[in-house]
Structures are given as C-alpha cells and as structure tokens.
Amino acid sequence: MMTNREFFLHHLKIETPATINVLKAALGNNLEYRPDPKSKSGLEMLKLFAGESGMLVTFIEQGMVDVGQEMAMDMTPEELVSLFEKNWMMFQEKLSEVSDDDWENKKISMMMGDKEVYADTMVGMLWMLFHDMIHHRGQFAAYLRAMGGKVPSIYGPSADDPGPMANM
C-alpha cells in the first residue's frame with residue numbers, strides 16, 4: 001500500500017504532462033487576454049505558474065515562503081514555461097527525499113513579511129497547493145480558445161485534441 005506521500009508523488013506525475021501541455025498551448029497566442037478586468041491576463045497566469053512552482057521548492061527547502069514578494073520575473077512566455085517545468089521537476093525530486101515523518105508532521109508557513117497568513121503540516125499545505133494548481137490549470141485552459149489557442153487533452157479528449165485515446 002502507498003503512503004500518502006507516495007500517493008501524492010504518483011498524482012504529481014500523472015498531472016504534470018497535462019499542466020505542461022496547457023501552459024505550452026498558450027505560447028504564441030494573445031497573452032494579454034483577460035476575461036474580466038479583475039482577472040489575470042494570460043501572461044500573468046504564466047507568471048503565477050512559474051512563481052508558485054518555485055514556491056513549492058522553497059517550502060521543501062526552507063519550510064516557509066513569503067507570498068508578499070514578487071513571484072515572477074521579467075521573462076518571455078517561453079522562459080516562464082521552462083521555469084515552471086524546471087521548478088516542477090525539482091519539487092518532485094526534493095519531495096521524494098522528504099521523510100514520511102516530515103511529510104506528516106513538519107509545519108510549513110506562508111508568510112506576508114513578518115506575518116504568518118497560513119500554516120499547516122507539509123501534507124496539508126502541499127495537497128492544498130496541488131489542488132490550487134489544478135484549479136488554475138482549468139482556469140487557464142478556459143482562456144486558451146479566447147486567446148486564439150487550442151485546448152489540449154487534459155483527462156480525455158477536448159474539442160481540439162483527441163488525446164492519447166486517439167492512438168488506441
């Protein structure tokens with residue numbers, strides 16, 4: 001039977017290709033698109049993915065992240081996708097080295113300057129952030145057609161991509 005951490009790593013590996021495909025589907029399209037003035041633009045969404053993937057590595061290494069700091073750098077969209085991929089792989093590597101005891105019991109914190117805004121065990125924080133990433137992937141996938149792109153297969157065929165089942 002898998003531990004909770006092994007189950008988490010297993011699902012990270014399953015979700016990773018779909019997330020990378022969604023991010024890459026935005027490249028070369030209208031990244032200034034935003035569905036509402038209060039919404040992030042496509043480019044801001046890419047920066048969110050790149051920044052949050054780096055935060056995950058920092059959580060593992062330092063046990064806390066200051067979310068009040070600027071998350072994304074001045075990078076091209078292609079560089080942002082590459083940074084996400086690099087950080088995401090590094091996160092999985094570092095997490096595979098975490099002990100089950102730290103996974104279950106180590107407290108990690110989101111800070112805003114000197115103020116703790118959210119804290120949980122590593123297991124609680126990383127599951128929450130993993131679900132947040134999946135949420136943002138769905139949000140970003142909904143931008144793609146309006147940006148001029150095509151929606152890749154995520155869990156199965158989309159109107160634009162028959163997905164892996166087409167090869168069966």
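Filtering region 1-39 to residues that are in a loop (DSSP other than H, G, I, E, B), among the basic types (Lys, Arg) and within 13 Å of Leu144 (Cα to Cα) leaves only Arg34. Residues that are closer than 27 Å to Ser109 by Cα, surrounded by fewer than 16 Cβ atoms within 10 Å (Cβ to Cβ) and under 12 Å from the mean Cα position of the chain (by Cα) within region 17-61 are absent altogether. Among the residues making up region 73-96, those that are under 24 Å from Arg5 (Cα atoms) and open to solvent by 70 Å² or more (accessible area, probe 1.4 Å) are Lys86, Met89, Glu93.
Residue by residue, here is whether (1) modelled with pLDDT under 95; (2) outside any helix (DSSP H, G or I); (3) among the aromatic types (Phe, Trp, Tyr) holds:
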residue	(1), (2), (3)
Gly124	no, no, no
Ala142	no, no, no
Ala146	no, no, no
Pro152	no, yes, no
Pro157	yes, yes, no
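Residues in region 97-139 that are in contact with a Ser or Thr (Cβ under 8 Å, 6 or more places away or on another chain), among the basic types (Lys, Arg), open to solvent by 60 Å² or more (accessible area, probe 1.4 Å) and closer than 29 Å to Ser41 by Cα: 0 in all. With respect to the stated conditions, Phe91 fails to be in contact with a helix residue (DSSP H, G or I) (Cβ under 9 Å, 6 or more places away or on another chain) and within 23 Å of Ser41 (Cα to Cα). Considering Ser53, Ser82, the condition of being within 28 Å of Ala25 (Cα to Cα), modelled with pLDDT under 95 and either out of contact with any Ser or Thr (no Cβ under 7 Å at 6 or more places or on another chain) or small (Gly, Ala, Ser) (or both) is satisfied by Ser53 alone. Within region 1-30, residues that are closer than 17 Å to Gly163 by Cβ sit with their Cβ atoms under 9 Å from residues that are of a type in the set (Gly, Ala, Ser) and surrounded by fewer than 17 Cβ atoms within 10 Å (Cβ to Cβ), at 6+ positions apart or across chains, in these pairs: Val22/Gly138.
The values are calculated or read from the model by the stated rules, or taken from the named source; none is laboratory data. As the structure is a computational prediction, the values presented were derived from the model and not from experiment. Neighbour counts are summed over all protein chains in view; Cβ atoms, including those assigned to glycine, are modelled from backbone coordinates with ideal geometry. Each accessible area value is taken on the protein alone, full model and side chains, heavy atoms only, with ligands, DNA and RNA left out. Shrake-Rupley method; radii C 1.70, N 1.55, O 1.52, S 1.80 Å.
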